[in-house]
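Q: Starting off with a structure, shown below.
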Amino acid sequence: MAVAFLALPLIAIFTQGSLREGLRQPGAWTALKISFETSAVSLALMIVFGTPIAYVLATTEFVGKTLLTTLFELPLVLPPAVAGLGLLMAFGRFGLVGPQLSALGIELPFTKAAVVMAMTFVASPLYVRQAISAFGAIDPDLLDASRTLGGGPAKTFLRVAVPVASPGLGAGGVLAWARAVGEFGATILFAGSLAGVTETAPVAIYLGFAQSLDQALALGALLIAVSAIVLVSAKLLIRGRALRFMPA
Amino acid sequence: MVGPSGAGKSTTLRLIAGLVKPDSGRVICNGQTWYDGQRATPVEDRRVGFVFQDYALFPHMTVRANVAYGARLPVDPLLDQVGIAHLAKARPRKLSGGERQRVALARALASDPRLLLLDEPLSALDPSTRGRVAERLSETVRSAGVPALIVTHSYEEAVSLGEQVVVLERGKVTQSGEPHALLREPRTAFVARFAGLNYLEGNASGQDVVLDTGERIRLAEPAAGRVAVLIAPWEITIERSRPGGSSAQNHIPVLISSLVITANRARVGLGALTAEITADSARALALAEGQTVLASFKATAVQTIPLADEPEPSMRS
């Protein structure tokens, strides 16, 4: 029954309605393109900023560490709509830092940047948590060995910690990317749904559902297909790397 | 450095390397103060070559890359010297224990350390390979010309690897000196047992000791009060019945609790005592578990260490 519950919705998307018709509509491809562009940027940001943060949280002790860790995990339990609202209230034109941003000529809401921000906000805890766990699983002797061999914190991080933790980091990246692609609530509130600019695939499905079921279905099918491909290939890659480290 | 489990040997190595901060005290190496309660020289600046118990080889790098990590000396000659040049492109997970140990040693030596710290370098190995590897290790360390502090929990290893031995018990140094001095003049119960001596406790008055287990032992040198009684296993002879005229003054009836015969020797468990005799003798006497025999030894073979009236925990273990 559990399998049916999970499989039926996926099967239905491919079988109900006309996929062919839906695929012909340009709107579908645009939305998909926006989804993947923005999620890629978001993933890059998460990795570049999240990895060192996770390393510090995993390997050092300091005052306020628990508080900081909780802060990074908070978006996980926050309803996405609330996240979107918060982002709008902070960075919108009349938000907390809105006036300062306007003065610099930066308008965030309803831009691609806003989509990236919304995705990063909701998805980064997934990556950071996984990364913390991956770094925490490293044999501490390896990091100590690097230090006794003259490696400072940066060298130890880049040349030992990251490579050894890379299977876990990869898994975290896949998870976070998937979450970013699927992000809807925060996106629609903060970035709106300007077709061709900020209308990501999930948003397009939601909005287009009433007008063109076929388009919605096509988008859904494409999303499933691409996501599945990414998920499987990432898993294979990660398994491959992990196997290389295991003792014979 | 030797000592029982939990004595603090590994911790001491880590304190010296700077991986752990002491609660108090100082760490000084060759005149340089590395830790004095205020400042701590960072690990990466101390130039200490550390060989970890499980070797801590970087799994994602080849042997050569491992040795080259942090190397200040040419890598390839070192690989030759340690005998692992043929493994340069291999990954750690494909190596045997002895090979991994050599890589770990080469990696530490390549950083041109001013001090080598080895944490039980042989305990991760099979007993069968240990002897060969120990010889090689000893050679390499000595020819490197770098002072080395080696932690081991085997007396034999301490004797073959060490020039000076320090005994650590519960965080305190209880004896230090030449390895053989541990056997000749053990100062604590741990040292005596560690060196392989039989250890019993009792109360002495003059040349007699009454053991806690009830037997009486005759001493050559008088003693008084609570003492630890030490007898080397090879000083004990086993007899079937009380001999007529023997210069040995001690003959204790004991039960054979175990019998292990190796190529030329037999280790006979006699309750609290262990005797070591030749395998030939064991066979000639037809010894077997469960038999009652006499354990004989001279009074001059018995050493005593005075114990405090209320024995301290470290003395008892």
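Q: Quick check on my filter: what residues within the stretch A:194-233 are among the hydroxyl-bearing types (Ser, Thr, Tyr), assigned to a helix (DSSP H, G or I) and touching a residue at least 40 places away in the same chain (Cβ under 8 Å)?
A: Quick first cut of the stretch A:194-233, residues among the hydroxyl-bearing types (Ser, Thr, Tyr) only: A:198, A:200, A:206, A:212, A:227, A:233.
After this cut, where a residue has to be assigned to a helix (DSSP H, G or I) as well, the list is A:206, A:227, A:233.
Within the stretch A:194-233, A:SER227 is the sole residue that qualifies.
Q: Can I ask one more? Looking at (1) over 22 Å from the mean Cα position of the chain (by Cα); (2) within 14 Å of another protein chain (Cβ to nearest Cβ), find the lone condition where A:SER212 falls short.
A: Here A:SER212 meets the rest and fails (2).
Q: Scan B:PHE58, B:PHE50 and give me the residue that is crowded, with 17+ Cβ neighbours inside 10 Å and either in contact with a strand residue (DSSP E or B) (Cβ under 8 Å, 6 or more places away or on another chain) or outside the structural domain of B:SER123 (by TED's automatic domain parsing) (or both).
A: On the way: B:PHE58 fails: either in contact with a strand residue (DSSP E or B) (Cβ under 8 Å, 6 or more places away or on another chain) or outside the structural domain of B:SER123 (by TED's automatic domain parsing) (or both).
Selected residue: B:PHE50, the only one of B:PHE58, B:PHE50 that is crowded, with 17+ Cβ neighbours inside 10 Å and either in contact with a strand residue (DSSP E or B) (Cβ under 8 Å, 6 or more places away or on another chain) or outside the structural domain of B:SER123 (by TED's automatic domain parsing) (or both).
Q: Just one of the numbered conditions (1) more than 23 Å from B:LEU259 (Cα to Cα); (2) not in a loop (DSSP other than H, G, I, E, B) is not true of B:GLY214; which one?
A: All conditions pass for B:GLY214, except number (2).
Q: Let me ask another. Only one of (1) at pLDDT below 95; (2) within 24 Å of the chain's Cα centre (by Cα); (3) under 23 Å from A:ILE138 (Cβ atoms) fails for B:ALA108. Which number is that?
A: Here B:ALA108 clears every test but (1).
Q: Further, regarding this structure: Identify, please: which residue in the stretch A:6-56 is within 24 Å of the chain's Cα centre (by Cα) and aromatic (Phe, Trp, Tyr) and is, among those, modelled with the lowest pLDDT?
A: A:TRP29
Q: Being closer than 22 Å to A:GLY196 by Cα and of a type in the set (S, T, N, Q) is true for just one of A:THR38, A:THR66. Which residue is that? Spell out the reasoning first.
A: Details: A:THR66 fails: closer than 22 Å to A:GLY196 by Cα.
Only one candidate passes the filter, namely A:THR38.
Q: Further, regarding this structure: Can B:ARG93 be described as within 12 Å of chain A (Cβ to nearest Cβ), at pLDDT below 95 and over 25 Å from B:GLU157 (Cβ atoms)?
A: Details: within 12 Å of chain A (Cβ to nearest Cβ): yes; at pLDDT below 95: yes; over 25 Å from B:GLU157 (Cβ atoms): yes.
Here the answer is yes, as B:ARG93 does meet what is asked.
Q: Considering only residues that are under 17 Å from A:PHE184 (Cβ atoms) and not small (Gly, Ala, Ser), which ones fall in the stretch A:78-104? Spell out the reasoning first.
A: So the first thing to find is which residues in the stretch A:78-104 are under 17 Å from A:PHE184 (Cβ atoms), and the list is A:78-88.
Within the stretch A:78-104, A:LEU78, A:PRO79, A:PRO80, A:VAL82, A:LEU85, A:LEU87, A:LEU88 meet the criteria.
Q: Which members of the stretch A:194-223 meet the condition of being touching a helix residue (DSSP H, G or I) at 6+ places or on another chain (Cβ under 9 Å), of a type in the set (S, T, N, Q) and surrounded by fewer than 19 Cβ atoms within 10 Å (Cβ to Cβ)?
A: Result: A:SER212, single match.
Q: Let me ask another. Would you call B:ARG242 outside any loop (DSSP other than H, G, I, E, B), basic (Lys, Arg) and on the phi < 0 side of the Ramachandran plot?
A: Working: outside any loop (DSSP other than H, G, I, E, B): no; basic (Lys, Arg): yes; on the phi < 0 side of the Ramachandran plot: yes.
For B:ARG242, the condition - outside any loop (DSSP other than H, G, I, E, B), basic (Lys, Arg) and on the phi < 0 side of the Ramachandran plot - is not met.
The rows are residues; the columns are (1) of a type in the set (D, E, K, R); (2) in contact with a strand residue (DSSP E or B) (Cβ under 6 Å, 6 or more places away or on another chain); (3) surrounded by fewer than 24 Cβ atoms within 10 Å (Cβ to Cβ); (4) without any contact (Cβ under 8 Å) to a residue 12 or more places away in the chain.
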residue: A:LEU142; (1), (2), (3), (4): no, no, yes, no
residue: A:GLY150; (1), (2), (3), (4): no, no, yes, yes
residue: A:ALA154; (1), (2), (3), (4): no, no, yes, yes
residue: A:VAL162; (1), (2), (3), (4): no, no, yes, no
residue: A:GLY172; (1), (2), (3), (4): no, no, no, no
residue: A:ALA176; (1), (2), (3), (4): no, no, no, no
residue: A:GLY192; (1), (2), (3), (4): no, no, yes, no
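Q: Also: Which of the residues spanning the stretch B:16-33 are within 13 Å of another protein chain (Cβ to nearest Cβ) and without any contact (Cβ under 8 Å) to a residue 24 or more places away in the chain? Explain how you work it out, then say what you get.
A: As a first pass, look at the stretch B:16-33 and keep what is within 13 Å of another protein chain (Cβ to nearest Cβ): B:16-21.
Correct list: B:VAL20, B:LYS21.
Q: Would a scan of the stretch A:80-96 turn up a residue that is surrounded by fewer than 17 Cβ atoms within 10 Å (Cβ to Cβ), under 22 Å from B:ASP54 (Cβ atoms) and more than 14 Å from every other protein chain (Cβ to nearest Cβ)?
A: no
Q: Are any residues in the stretch A:125-146 touching an Asp or Glu at 6+ places or on another chain (Cβ under 9 Å) and within 12 Å of A:LEU175 (Cβ to Cβ), and if so, which ones?
A: A:PRO125, A:VAL128, A:ARG129, listed by residue number.
Q: Among the helices (runs of 4 or more DSSP H) confined wholly to the stretch A:1-92, which include 1 or more residues that are in contact (Cβ under 8 Å) with a residue 60 or more places away in the chain and farther than 24 Å from A:ALA137 by Cβ? It would help to see each step written out before you state the result.
A: Numbers: elements: A:2-15, A:19-24, A:26-59, A:65-77, A:80-91.
In the stretch A:1-92, A:2-15, A:19-24, A:26-59, A:80-91 are the helices (runs of 4 or more DSSP H) which contain 1 or more residues that are in contact (Cβ under 8 Å) with a residue 60 or more places away in the chain and farther than 24 Å from A:ALA137 by Cβ.
The values are calculated or read from the model by the stated rules, or taken from the named source; none is laboratory data. In this text the structure is predicted, and so the values were computed from the model without any measurement. Neighbour counts are summed over all protein chains in view; Cβ atoms, including those assigned to glycine, are modelled from backbone coordinates with ideal geometry.
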